[in-house]
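*Asks:* Here it is: the structure, laid out below.
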Amino acid sequence: MSDAYGRPATTNPIKDLLDAEVEIIGRPIRAGFDNKMQQTGVLLHVRSLADVKILKRAAVDHGPSRNADGPSLGRLPRPRQS
């Protein structure tokens, strides 16, 4: 059985993004800056994982994840407010 992208159904799409070069179609919501006004992060609104395209996969296989299901996109940690 495979998913909509032709990958095995057991593949964790979040894990596939680790260290990969990606193109994201979304809307910027907020940017984080430190006390030197250097950008430290960005929060993007992305409708679905289909809006994230992997341009170049990571050169290293990170092995099996601790949580085989991985976090859902709706449960990723939110950046701290400063």
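The values are calculated or read from the model by the stated rules, or taken from the named source; none is laboratory data. All values reported here derive from a predicted model rather than from experimental measurement. Cβ placement follows ideal geometry from the backbone for every residue including glycine, while neighbour counts extend to all protein chains displayed.
*Asks:* Filter the range 30-66 for residues that are under 14 Å from ASN12 (Cα atoms) and surrounded by fewer than 10 Cβ atoms within 10 Å (Cβ to Cβ); which is modelled with the highest pLDDT?
*Replies:* Result: ASP61.
*Asks:* Could you tell me which residue of the range 6-29 is modelled with the highest pLDDT, considering only residues that are assigned to a loop (DSSP other than H, G, I, E, B) and more than 16 Å from the chain's Cα centre (by Cα)?
*Replies:* The extreme case among them is GLY6.
*Asks:* Something else now. Out of the residues in the range 67-82 that are assigned to a loop (DSSP other than H, G, I, E, B) and among the charged types (D, E, K, R), state the one that is modelled with the lowest pLDDT.
*Replies:* Taking the candidates together, the pick is ASP69.
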